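Novice: Structure in C-alpha cells, see below.
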Amino acid sequence: QVQLQESGPGLVKPSETLSLTCTVSGGSISYYYWTWIRQPPGKGLEWIGYVSDSGDTNYSPSLKSRVTISLDTSKNQFSLNLRSVTAADTAVYFCARSPRYSNYYFDYWGQGTLVTVSS
Amino acid sequence: HSALTQPASVSGSPGQPITISCTGTSSDVGYYNYVSWYQHHPGKAPRLMIYDVTKRASGVSFRFSGTKSGNTASLTISGLQPEDEASYYCSSYTSSSTFLIFGGGTKLTVL
C-alpha cells in the first residue's frame, strides 16, 4: 500500500525558508507526478506545484517566485522549499501523487503537516 | 475565496441521498472533464473518490457518483452511512496558468 508522509519544522520565522519533505513508501517514485498542496486555516485547498519523475516542474503563478519542488529518487522523497515566508503561508501542507498519464487528480495523499509562520 | 464554489455544509439522514455541488466557469469545470472529488476526515489523508467527472476511484463504494452539467459538477452519495460524515472537496483543471483549482470544501453531517 502506497503511503506518503510529510516531515519538517512546524514553526518557521517570517522571512525564512519553509522546507518540507515527503517520503514515499510502498511504491516507486518513478512514473508519477508529485505535488504539494496547502490549506490555510479556515480556507480551501491551494495547489502549490508539482515535479515529475523526470524532474519537470510546474508552479502556481502566485508562488512561482518563491517556490522550488525537487525530487530525490535515491531516497524515494520529494521536497518543497518556500522562501521569504510570511504569516499568510501558515497552513497545513499536503503532499500527493498523480498518475503519469494524468496529473489532474491525486490518487494518494499524505495526512498533512501544519506549518506556522511566526516569530 | 476559493476558485470553485461549494456549499459550506450539507446534511442528511442515514439511507437518504445527498448531492454536493461544485460551480466553476467555462475555463475549468465547464470545458474540461477533469473534475475530481476528495473525502477528508480530520487528521487523515484525503481520499480520492471520483476523477474525470464520473469515474470512481479504486475501492470506492458504488454509492458515490459524479456528474457535470454546464459549469457545475456534482457529487451524489446515495444511501448515506455514518462513515460518510467528512469534508468533501472538488478540484478541476483550469486553462489559466493556475493549472489546478479547488473548491472551499463541504462539510457533510450524517444526522
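Novice: Over the Cα atoms, compute the radius of gyration (one decimal) and Dmax (the largest Cα-Cα distance, rounded to a whole number) for the range A:1-118, in Å.
Specialist: Cα only, the range A:1-118: 13.3, 40 Å (Rg, Dmax).
Novice: Assuming R0 = 22 Å, what is the FRET efficiency of A:SER65 and B:SER97, from their Cβ-Cβ distance, to the nearest 0.05? Mind showing how you got there, number by number?
Specialist: Working: r = 13 Å, r/R0 = 0.60.
E between A:SER65 and B:SER97, to the nearest 0.05, is 0.95.
Novice: At 7 Å along the Cα-to-beta-carbon direction for both A:ARG100 and A:VAL2, put a label point, then send me their distance in nm to one decimal.
Specialist: If labels sit at A:ARG100 and A:VAL2, their model points lie 1.2 nm apart.
Novice: Counting other beta carbons within 10 Å of each residue's own, what order do A:ASP53, B:ASP28, A:ASP89 fall into, fewest first? Don't jump to the answer; show the numbers that get you there.
Specialist: Values: A:ASP53 16, B:ASP28 23, A:ASP89 19.
By the 10 Å Cβ count, ascending: A:ASP53, A:ASP89, B:ASP28.
Novice: While we're on this one: Note the direction-averaged projected area, equal to a quarter of the hull surface, for the Cα convex hull of chain B, in nm².
Specialist: Working: hull surface 26.2 nm².
The orientation-averaged projected area of the Cα hull of chain B comes to 6.6 nm².
Novice: Under the classification rounded if a/c is under 1.5, otherwise prolate if a/b is larger than b/c and oblate if not, where does the range B:46-111 fall, given a ≥ b ≥ c as square roots of the Cα gyration tensor eigenvalues?
Specialist: Details: a/c = 1.99, a/b = 1.66, b/c = 1.20.
Prolate, because a/c is 1.5 or more and a/b exceeds b/c.
Novice: When N counts the residues of the protein assembly as shown, how does its alpha-carbon radius of gyration compare numerically with 2.2 N^0.38 Å, as a ratio?
Specialist: On the way: Rg = 17.2 Å, N = 230, 2.2 N^0.38 = 17.4 Å.
Relative to the rule-of-thumb radius for its length, the protein assembly as shown sits at 0.99.
Novice: Let me ask you something else. Roughly what would the spin-label model give for A:THR73 and A:THR116, points 7 Å off Cα along C-beta, in nm?
Specialist: 4.0 nm
Bear in mind these aren't lab numbers, they're just calculated from the coordinates by the rules spelled out. Keep in mind that what you see is a predicted model, and the values were worked out from it rather than measured. Virtual Cβ from ideal backbone geometry, glycine too; neighbours counted across all protein chains shown.
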